[in-house]
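Working notes, beginning with the structure itself.
The values are calculated or read from the model by the stated rules, or taken from the named source; none is laboratory data. Quick caveat, the model's predicted, so the values are computed rather than measured. Positions of Cβ are generated from backbone atoms using ideal geometry, with glycine treated the same way; all protein chains shown enter the neighbour counts. Just the protein is used for accessible areas: all its heavy atoms, side chains included, with ligands, DNA and RNA removed. Shrake-Rupley method; radii C 1.70, N 1.55, O 1.52, S 1.80 Å.
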Amino acid sequence: MTTTDVKGAESAGDPTANEAVGHAAGAAPVAAGEALEGADTTAAPELEEENLSLPGQEVSAAHAALNRGARLRSFEVADHAVPKSDIEEWRFTPLRRFSALFEDAATDDREGDPAVDYAVTVPEGAPEPSTLAPGQAPRGSVLVPEDLPTAIASARTEQALHLVAAKNAAYDAPFRVDITGRGADRRANAHLVIEAQESSSSIVVLNHTGSAQYAQDVEILVGDNAQMTVITVHDWDDDAVHIAQHHARVGRDARLKHVAVTLGGSAVRLNSIGEYAAPGGEIEKLGLYFSDEGQFFENRLFIDHSAPNCTSNVAYKGALQGKGARSVWVGDVLIRKEAEGTNTYELNRNLVLTEGARADSVPNLEIETGEIEGAGHAAATGRFDDEQLFYLRARGIPEIEARRLVVRGFFAEIIQQIDVPEVRERLSAAIEDELARSMN
(Lines give C-alpha, C1' and ligand atoms only; values in the text may rest on other atoms or scores of the structure.)
Protein backbone atom coordinates (compact mmCIF):
# COMPACT_ATOMS: atom_id res chain seq x y z
CA MET A 1 0.00 0.00 0.00
CA THR A 2 1.31 3.44 -0.91
CA THR A 3 0.30 6.62 0.88
CA THR A 4 1.52 10.09 0.07
CA ASP A 5 0.66 12.74 2.63
CA VAL A 6 1.54 16.16 1.28
CA LYS A 7 1.06 19.22 3.45
CA GLY A 8 3.05 22.04 1.97
CA ALA A 9 3.92 25.65 2.60
CA GLU A 10 0.42 26.73 1.76
CA SER A 11 -0.76 25.26 5.07
CA ALA A 12 0.76 28.34 6.72
CA GLY A 13 -2.43 30.12 5.78
CA ASP A 14 -4.82 27.21 6.34
CA PRO A 15 -6.32 27.43 9.85
CA THR A 16 -7.47 23.81 9.74
CA ALA A 17 -4.07 22.44 8.77
CA ASN A 18 -2.26 24.70 11.20
CA GLU A 19 -4.54 23.84 14.07
CA ALA A 20 -3.89 20.14 13.60
CA VAL A 21 -0.11 20.36 13.76
CA GLY A 22 0.74 23.78 15.12
CA HIS A 23 -1.91 24.78 17.66
CA ALA A 24 -0.53 22.61 20.41
CA ALA A 25 2.87 24.20 19.89
CA GLY A 26 1.49 27.66 20.50
CA ALA A 27 1.49 28.91 16.92
CA ALA A 28 -1.72 30.64 16.01
CA PRO A 29 -2.94 29.87 12.48
CA VAL A 30 -2.17 32.88 10.31
CA ALA A 31 -1.36 33.51 6.69
CA ALA A 32 2.35 33.68 5.95
CA GLY A 33 2.01 37.25 4.73
CA GLU A 34 0.21 38.29 7.90
CA ALA A 35 2.82 36.63 10.08
CA LEU A 36 5.53 38.65 8.31
CA GLU A 37 3.69 41.95 8.35
CA GLY A 38 6.03 44.72 9.37
CA ALA A 39 9.13 42.73 8.56
CA ASP A 40 11.96 44.27 6.61
CA THR A 41 11.69 42.37 3.33
CA THR A 42 14.32 44.26 1.40
CA ALA A 43 16.34 41.70 -0.57
CA ALA A 44 14.26 38.96 1.03
CA PRO A 45 12.39 36.68 -1.37
CA GLU A 46 8.77 35.77 -0.78
CA LEU A 47 7.95 32.44 0.83
CA GLU A 48 8.46 29.82 -1.83
CA GLU A 49 5.67 27.40 -2.61
CA GLU A 50 6.31 23.73 -2.03
CA ASN A 51 7.94 21.68 -4.75
CA LEU A 52 6.58 18.20 -5.32
CA SER A 53 7.40 15.70 -8.03
CA LEU A 54 5.56 12.39 -8.32
CA PRO A 55 6.25 9.37 -10.53
CA GLY A 56 4.98 9.79 -14.06
CA GLN A 57 4.63 13.56 -13.85
CA GLU A 58 6.53 15.96 -16.04
CA VAL A 59 9.08 17.97 -14.12
CA SER A 60 9.13 21.68 -14.81
CA ALA A 61 12.35 23.49 -15.67
CA ALA A 62 12.07 25.42 -12.42
CA HIS A 63 11.79 22.24 -10.42
CA ALA A 64 14.62 20.56 -12.33
CA ALA A 65 16.89 23.35 -11.12
CA LEU A 66 16.01 22.37 -7.56
CA ASN A 67 16.95 18.69 -7.98
CA ARG A 68 19.31 18.08 -5.06
CA GLY A 69 20.47 14.76 -6.38
CA ALA A 70 22.03 16.43 -9.42
CA ARG A 71 23.96 19.14 -7.61
CA LEU A 72 27.68 19.50 -8.40
CA ARG A 73 30.08 17.98 -5.88
CA SER A 74 33.83 18.42 -6.14
CA PHE A 75 36.91 18.80 -3.96
CA GLU A 76 38.38 21.31 -6.44
CA VAL A 77 37.88 24.89 -5.31
CA ALA A 78 37.98 26.09 -8.92
CA ASP A 79 34.94 23.95 -9.78
CA HIS A 80 32.69 26.02 -7.52
CA ALA A 81 31.38 29.46 -8.47
CA VAL A 82 31.18 32.36 -6.04
CA PRO A 83 27.65 32.27 -4.62
CA LYS A 84 25.12 34.64 -6.19
CA SER A 85 21.59 35.48 -5.19
CA ASP A 86 20.16 34.21 -8.49
CA ILE A 87 21.41 30.68 -7.69
CA GLU A 88 18.66 28.66 -6.03
CA GLU A 89 20.64 27.38 -3.06
CA TRP A 90 21.78 30.91 -2.15
CA ARG A 91 18.71 32.98 -2.95
CA PHE A 92 17.64 33.44 0.68
CA THR A 93 21.16 34.06 1.98
CA PRO A 94 22.53 37.56 2.74
CA LEU A 95 25.72 37.03 0.76
CA ARG A 96 27.58 40.12 1.96
CA ARG A 97 27.49 38.87 5.54
CA PHE A 98 29.17 35.63 4.48
CA SER A 99 31.53 37.15 1.90
CA ALA A 100 34.69 36.56 3.96
CA LEU A 101 34.05 32.82 3.71
CA PHE A 102 33.94 32.97 -0.09
CA GLU A 103 37.63 33.91 -0.16
CA ASP A 104 40.19 31.12 -0.57
CA ALA A 105 42.06 32.02 2.59
CA ALA A 106 44.14 30.00 5.04
CA THR A 107 43.33 29.70 8.71
CA ASP A 108 44.61 32.76 10.58
CA ASP A 109 46.72 30.90 13.14
CA ARG A 110 49.47 32.92 14.79
CA GLU A 111 52.38 31.80 16.92
CA GLY A 112 50.87 30.62 20.20
CA ASP A 113 47.51 32.09 19.20
CA PRO A 114 45.26 29.88 17.06
CA ALA A 115 42.25 31.38 15.30
CA VAL A 116 40.10 28.69 16.89
CA ASP A 117 40.78 26.58 19.96
CA TYR A 118 39.76 22.90 20.02
CA ALA A 119 39.29 20.99 23.27
CA VAL A 120 38.55 17.32 22.61
CA THR A 121 37.28 14.88 25.23
CA VAL A 122 36.61 11.20 24.54
CA PRO A 123 34.79 8.76 26.83
CA GLU A 124 36.68 6.14 28.81
CA GLY A 125 37.78 3.23 26.64
CA ALA A 126 37.39 5.09 23.34
CA PRO A 127 40.28 5.37 20.85
CA GLU A 128 42.33 8.53 21.21
CA PRO A 129 41.60 11.31 18.69
CA SER A 130 43.74 11.23 15.58
CA THR A 131 44.10 13.20 12.35
CA LEU A 132 43.60 12.45 8.67
CA ALA A 133 45.36 14.10 5.74
CA PRO A 134 43.48 14.80 2.48
CA GLY A 135 42.90 11.50 0.68
CA GLN A 136 43.53 9.44 3.83
CA ALA A 137 40.49 7.20 4.38
CA PRO A 138 37.87 7.53 5.62
CA ARG A 139 38.25 11.28 5.05
CA GLY A 140 36.54 12.25 1.80
CA SER A 141 34.67 8.95 1.45
CA VAL A 142 31.33 10.57 2.30
CA LEU A 143 31.62 14.35 2.26
CA VAL A 144 32.38 15.88 -1.10
CA PRO A 145 31.94 19.68 -1.11
CA GLU A 146 28.76 21.08 -2.65
CA ASP A 147 29.73 24.76 -2.58
CA LEU A 148 32.69 27.11 -2.51
CA PRO A 149 33.08 27.62 1.27
CA THR A 150 32.93 23.87 1.86
CA ALA A 151 35.55 23.19 -0.83
CA ILE A 152 37.83 25.85 0.65
CA ALA A 153 37.44 24.38 4.14
CA SER A 154 38.38 20.95 2.81
CA ALA A 155 41.38 22.15 0.80
CA ARG A 156 42.66 24.42 3.57
CA THR A 157 42.50 21.80 6.33
CA GLU A 158 45.76 19.88 6.31
CA GLN A 159 44.78 17.54 9.14
CA ALA A 160 41.17 16.60 9.88
CA LEU A 161 40.21 15.65 13.42
CA HIS A 162 39.13 11.97 13.49
CA LEU A 163 36.93 10.57 16.27
CA VAL A 164 36.08 6.84 16.37
CA ALA A 165 33.48 4.85 18.28
CA ALA A 166 35.03 1.37 18.20
CA LYS A 167 33.29 -1.75 16.89
CA ASN A 168 30.79 -3.28 19.34
CA ALA A 169 31.53 -0.58 21.95
CA ALA A 170 28.87 1.37 23.85
CA TYR A 171 29.91 4.54 25.68
CA ASP A 172 28.23 6.01 28.74
CA ALA A 173 29.65 9.50 28.21
CA PRO A 174 29.68 11.57 25.01
CA PHE A 175 32.59 12.48 22.79
CA ARG A 176 32.92 16.24 23.05
CA VAL A 177 34.59 18.88 20.88
CA ASP A 178 34.58 22.43 22.26
CA ILE A 179 35.32 24.89 19.45
CA THR A 180 36.13 28.43 20.60
CA GLY A 181 36.74 31.27 18.17
CA ARG A 182 39.40 33.82 19.08
CA GLY A 183 38.22 36.84 17.08
CA ALA A 184 35.50 37.95 14.68
CA ASP A 185 38.12 39.17 12.19
CA ARG A 186 39.98 35.85 12.11
CA ARG A 187 39.40 33.18 9.48
CA ALA A 188 39.35 29.49 10.36
CA ASN A 189 38.82 26.34 8.27
CA ALA A 190 38.08 22.89 9.66
CA HIS A 191 37.26 19.32 8.67
CA LEU A 192 36.03 16.78 11.22
CA VAL A 193 35.50 13.05 10.59
CA ILE A 194 33.22 11.24 13.03
CA GLU A 195 33.10 7.46 12.65
CA ALA A 196 30.79 4.97 14.36
CA GLN A 197 32.07 1.50 13.62
CA GLU A 198 29.85 -1.58 13.30
CA SER A 199 27.43 -2.23 16.20
CA SER A 200 28.71 0.68 18.29
CA SER A 201 26.63 3.17 20.29
CA SER A 202 27.84 6.72 20.87
CA ILE A 203 27.00 10.41 21.26
CA VAL A 204 29.09 13.30 19.92
CA VAL A 205 28.64 16.93 21.01
CA LEU A 206 30.12 19.79 18.97
CA ASN A 207 29.98 23.05 20.91
CA HIS A 208 30.73 26.38 19.18
CA THR A 209 31.40 29.56 21.18
CA GLY A 210 33.42 32.78 20.84
CA SER A 211 33.85 34.61 17.52
CA ALA A 212 35.34 33.67 14.16
CA GLN A 213 34.83 33.57 10.43
CA TYR A 214 34.44 29.81 10.38
CA ALA A 215 34.11 27.42 7.41
CA GLN A 216 33.56 23.86 8.59
CA ASP A 217 33.09 20.36 7.12
CA VAL A 218 31.74 17.54 9.29
CA GLU A 219 31.82 14.03 7.84
CA ILE A 220 29.79 11.34 9.63
CA LEU A 221 30.07 7.59 8.95
CA VAL A 222 27.65 5.27 10.76
CA GLY A 223 28.55 1.61 10.29
CA ASP A 224 26.19 -1.34 9.99
CA ASN A 225 23.94 -1.79 13.03
CA ALA A 226 25.55 1.20 14.78
CA GLN A 227 23.71 3.95 16.64
CA MET A 228 25.06 7.49 16.82
CA THR A 229 23.75 10.84 17.99
CA VAL A 230 25.51 14.01 16.81
CA ILE A 231 24.57 17.26 18.56
CA THR A 232 25.94 20.51 17.14
CA VAL A 233 25.36 23.64 19.23
CA HIS A 234 26.04 27.07 17.71
CA ASP A 235 26.20 29.50 20.63
CA TRP A 236 28.58 31.98 19.05
CA ASP A 237 29.05 35.60 20.07
CA ASP A 238 26.90 38.06 18.14
CA ASP A 239 29.63 38.90 15.59
CA ALA A 240 30.55 35.38 14.48
CA VAL A 241 29.95 34.08 10.93
CA HIS A 242 29.74 30.34 10.28
CA ILE A 243 29.07 28.15 7.22
CA ALA A 244 29.08 24.37 7.62
CA GLN A 245 28.30 21.24 5.66
CA HIS A 246 27.47 18.10 7.63
CA HIS A 247 27.30 14.97 5.48
CA ALA A 248 26.34 11.59 6.92
CA ARG A 249 26.13 8.07 5.47
CA VAL A 250 24.20 5.42 7.39
CA GLY A 251 24.86 1.69 7.02
CA ARG A 252 22.60 -1.36 7.08
CA ASP A 253 20.12 -1.28 10.01
CA ALA A 254 22.01 1.68 11.47
CA ARG A 255 20.54 4.74 13.14
CA LEU A 256 21.66 8.39 13.21
CA LYS A 257 20.10 11.17 15.23
CA HIS A 258 21.42 14.58 14.18
CA VAL A 259 20.49 17.58 16.34
CA ALA A 260 21.30 21.15 15.22
CA VAL A 261 20.87 24.00 17.72
CA THR A 262 21.52 27.62 16.72
CA LEU A 263 21.28 30.33 19.38
CA GLY A 264 24.15 32.71 18.64
CA GLY A 265 26.14 34.30 15.86
CA SER A 266 25.61 37.11 13.40
CA ALA A 267 24.99 34.70 10.52
CA VAL A 268 25.00 30.89 10.61
CA ARG A 269 24.26 28.61 7.64
CA LEU A 270 24.18 24.82 7.99
CA ASN A 271 23.80 22.43 5.04
CA SER A 272 22.98 19.01 6.51
CA ILE A 273 22.94 15.93 4.25
CA GLY A 274 21.95 12.36 5.06
CA GLU A 275 22.20 9.30 2.80
CA TYR A 276 21.96 5.52 3.06
CA ALA A 277 24.54 2.87 2.18
CA ALA A 278 22.22 -0.14 2.58
CA PRO A 279 18.65 -1.10 3.50
CA GLY A 280 17.20 -0.67 6.97
CA GLY A 281 18.85 2.64 7.84
CA GLU A 282 17.17 5.36 9.90
CA ILE A 283 17.95 9.08 10.02
CA GLU A 284 16.35 11.53 12.41
CA LYS A 285 17.15 15.22 12.07
CA LEU A 286 16.04 17.59 14.82
CA GLY A 287 16.64 21.33 14.99
CA LEU A 288 16.04 24.28 17.29
CA TYR A 289 16.87 27.92 16.62
CA PHE A 290 16.13 31.27 18.26
CA SER A 291 16.92 34.32 16.15
CA ASP A 292 17.27 37.72 17.81
CA GLU A 293 17.44 41.22 16.36
CA GLY A 294 19.74 41.29 13.33
CA GLN A 295 20.61 37.60 13.41
CA PHE A 296 20.35 35.34 10.35
CA PHE A 297 20.09 31.58 10.76
CA GLU A 298 19.70 29.23 7.79
CA ASN A 299 19.18 25.47 7.90
CA ARG A 300 19.21 23.48 4.66
CA LEU A 301 18.60 19.74 4.77
CA PHE A 302 18.81 16.99 2.20
CA ILE A 303 17.72 13.40 2.82
CA ASP A 304 18.76 11.19 -0.11
CA HIS A 305 16.79 7.94 -0.04
CA SER A 306 18.81 5.70 -2.35
CA ALA A 307 18.33 2.32 -0.60
CA PRO A 308 15.14 0.37 0.06
CA ASN A 309 13.26 0.11 3.36
CA CYS A 310 14.84 3.13 5.04
CA THR A 311 13.17 5.81 7.16
CA SER A 312 13.76 9.47 7.87
CA ASN A 313 12.11 11.96 10.17
CA VAL A 314 12.82 15.71 10.31
CA ALA A 315 11.48 18.15 12.91
CA TYR A 316 12.82 21.72 13.19
CA LYS A 317 11.34 24.49 15.33
CA GLY A 318 12.39 28.13 15.53
CA ALA A 319 11.42 31.32 17.30
CA LEU A 320 12.22 34.87 16.16
CA GLN A 321 12.14 38.22 17.91
CA GLY A 322 13.38 41.70 17.12
CA LYS A 323 13.78 43.82 14.03
CA GLY A 324 15.70 42.06 11.28
CA ALA A 325 15.61 38.63 12.92
CA ARG A 326 15.64 36.13 10.04
CA SER A 327 15.47 32.39 9.67
CA VAL A 328 15.44 30.16 6.61
CA TRP A 329 14.60 26.47 6.58
CA VAL A 330 14.75 24.44 3.36
CA GLY A 331 14.04 20.72 3.60
CA ASP A 332 14.75 18.54 0.54
CA VAL A 333 13.80 14.86 0.41
CA LEU A 334 14.60 12.73 -2.64
CA ILE A 335 13.17 9.20 -2.90
CA ARG A 336 15.02 7.50 -5.73
CA LYS A 337 13.59 4.77 -7.95
CA GLU A 338 15.45 2.04 -6.08
CA ALA A 339 14.29 3.26 -2.63
CA GLU A 340 11.14 1.14 -2.36
CA GLY A 341 9.58 0.88 1.07
CA THR A 342 10.72 4.37 2.12
CA ASN A 343 8.94 6.11 4.98
CA THR A 344 9.72 9.83 5.42
CA TYR A 345 8.27 12.94 6.99
CA GLU A 346 9.56 16.46 7.59
CA LEU A 347 8.17 19.27 9.72
CA ASN A 348 9.12 22.91 10.25
CA ARG A 349 7.36 25.29 12.64
CA ASN A 350 8.23 28.93 13.31
CA LEU A 351 6.93 31.16 16.09
CA VAL A 352 7.20 34.90 15.38
CA LEU A 353 7.31 36.70 18.73
CA THR A 354 7.59 40.36 17.61
CA GLU A 355 7.07 42.61 14.63
CA GLY A 356 9.97 42.97 12.22
CA ALA A 357 11.00 39.28 12.22
CA ARG A 358 10.76 36.99 9.21
CA ALA A 359 10.82 33.23 8.71
CA ASP A 360 10.98 31.43 5.35
CA SER A 361 10.11 27.76 5.24
CA VAL A 362 10.38 25.63 2.09
CA PRO A 363 9.71 21.87 2.02
CA ASN A 364 10.62 20.01 -1.17
CA LEU A 365 9.67 16.39 -1.87
CA GLU A 366 10.70 14.44 -4.97
CA ILE A 367 9.45 10.88 -5.44
CA GLU A 368 10.73 8.61 -8.23
CA THR A 369 8.90 5.42 -7.17
CA GLY A 370 5.32 4.72 -6.19
CA GLU A 371 6.32 1.77 -3.97
CA ILE A 372 6.76 3.65 -0.69
CA GLU A 373 5.29 3.35 2.79
CA GLY A 374 4.65 7.06 3.21
CA ALA A 375 5.98 10.53 2.47
CA GLY A 376 4.82 13.90 3.72
CA HIS A 377 5.78 17.31 4.98
CA ALA A 378 4.33 20.30 6.79
CA ALA A 379 5.51 23.87 7.33
CA ALA A 380 3.90 26.88 8.97
CA THR A 381 4.70 30.22 10.58
CA GLY A 382 2.54 31.73 13.32
CA ARG A 383 2.32 34.15 16.22
CA PHE A 384 1.19 33.63 19.79
CA ASP A 385 -2.18 31.94 20.03
CA ASP A 386 -4.45 34.51 21.71
CA GLU A 387 -6.83 31.78 22.84
CA GLN A 388 -4.04 29.95 24.65
CA LEU A 389 -2.89 33.17 26.29
CA PHE A 390 -6.47 33.97 27.34
CA TYR A 391 -6.87 30.47 28.78
CA LEU A 392 -3.69 30.78 30.86
CA ARG A 393 -4.42 34.33 32.02
CA ALA A 394 -7.97 33.35 33.02
CA ARG A 395 -6.35 30.94 35.47
CA GLY A 396 -4.40 33.68 37.15
CA ILE A 397 -1.13 33.39 35.24
CA PRO A 398 0.40 36.81 34.42
CA GLU A 399 0.77 37.60 30.70
CA ILE A 400 4.57 37.51 30.67
CA GLU A 401 4.66 34.12 32.38
CA ALA A 402 1.90 32.85 30.08
CA ARG A 403 3.96 33.80 27.04
CA ARG A 404 6.96 32.03 28.48
CA LEU A 405 4.90 28.89 29.03
CA VAL A 406 3.74 28.93 25.41
CA VAL A 407 7.31 29.22 24.10
CA ARG A 408 8.57 26.53 26.46
CA GLY A 409 5.86 24.22 25.21
CA PHE A 410 6.71 25.07 21.62
CA PHE A 411 10.31 23.92 22.03
CA ALA A 412 9.68 21.07 24.49
CA GLU A 413 9.16 18.46 21.76
CA ILE A 414 12.71 19.03 20.47
CA ILE A 415 14.51 19.53 23.80
CA GLN A 416 13.05 16.34 25.30
CA GLN A 417 14.61 14.29 22.50
CA ILE A 418 18.17 15.46 23.23
CA ASP A 419 19.98 12.60 24.93
CA VAL A 420 22.47 14.64 26.98
CA PRO A 421 20.99 16.16 30.19
CA GLU A 422 23.68 18.86 30.31
CA VAL A 423 22.71 20.05 26.83
CA ARG A 424 18.98 19.94 27.61
CA GLU A 425 19.48 22.09 30.70
CA ARG A 426 21.69 24.53 28.83
CA LEU A 427 19.13 24.98 26.05
CA SER A 428 16.29 25.51 28.49
CA ALA A 429 18.32 28.18 30.29
CA ALA A 430 19.29 29.85 27.00
CA ILE A 431 15.65 30.06 25.90
CA GLU A 432 14.73 31.57 29.28
CA ASP A 433 17.45 34.21 28.78
CA GLU A 434 16.14 35.03 25.31
CA LEU A 435 12.60 35.41 26.61
CA ALA A 436 13.72 37.53 29.55
CA ARG A 437 15.33 40.02 27.19
CA SER A 438 12.20 40.48 25.12
CA MET A 439 9.46 40.18 27.73
CA ASN A 440 10.92 42.19 30.56
- request: Would you work out which of A325, H305, N350 lies farthest towards the positive end of the dipole of segment 298-350, given +1 charges on the beta-carbon of Lys and Arg and -1 on that of Asp and Glu, about the Cα centre?
  value: A325
- request: Heavy atoms only, probe 1.4 Å: what % of the accessible area of segment 79-385 goes to carbon and sulfur, would you let me know?
  value: 43 percent
Amide H within-cut-off set for T354, under 5 Å, with H built and near neighbours excluded: G322
query: Could you give the nm distance between label points at R73 and E338, where each point is 7 Å from its Cα heading toward the beta carbon?
result: 1.3 nm
- prompt: Which ³J(HN,Hα) values, rounded to whole Hz and listed in residue order, are derived for segment 337-352 from phi using the Karplus coefficients 6.51, -1.76 and 1.60 in 6.51 cos²θ - 1.76 cosθ + 1.60 with θ = phi - 60°, glycine and proline given as x?
  reply: 4, 7, 8, 5, x, 5, 10, 9, 8, 9, 9, 9, 10, 10, 10, 8
- prompt: Which of the GluC sites (Glu not before Pro) across segment 92-187 are loop residues per DSSP, with 14 or fewer other Cβ within 10 Å?
  reply: E103, E111, E124, E158
query: Mind listing which chymotrypsin sites (Phe, Trp or Tyr not before Pro) in segment 378-440 are in a DSSP loop and have 11 or fewer other Cβ atoms within 10 Å?
result: none
field: Loop-located trypsin sites (Lys or Arg not before Pro) in segment 84-137 whose Cβ has at most 12 other Cβ within 10 Å (DSSP)
entry: K84
HN-Hα J in Hz across segment 378-383 - Karplus 6.51, -1.76, 1.60, θ = phi - 60°, x for Gly and Pro: 8, 8, 7, 10, x, 9
message: If packing is taken as the average number of other Cβ atoms within 10 Å across a peptide's residues, how do 324-331, 184-191 rank, most packed first?
response: 324-331, 184-191
- line: To the nearest Å², the heavy-atom accessible area per residue of segment 79-385 with 1.4 Å probe amounts to 31 Å²
message: Relative contact order of segment 135-252, please, whole-number percent, based on alpha carbon pairs below 8 angstrom and at least 6 residues apart.
response: 28 percent
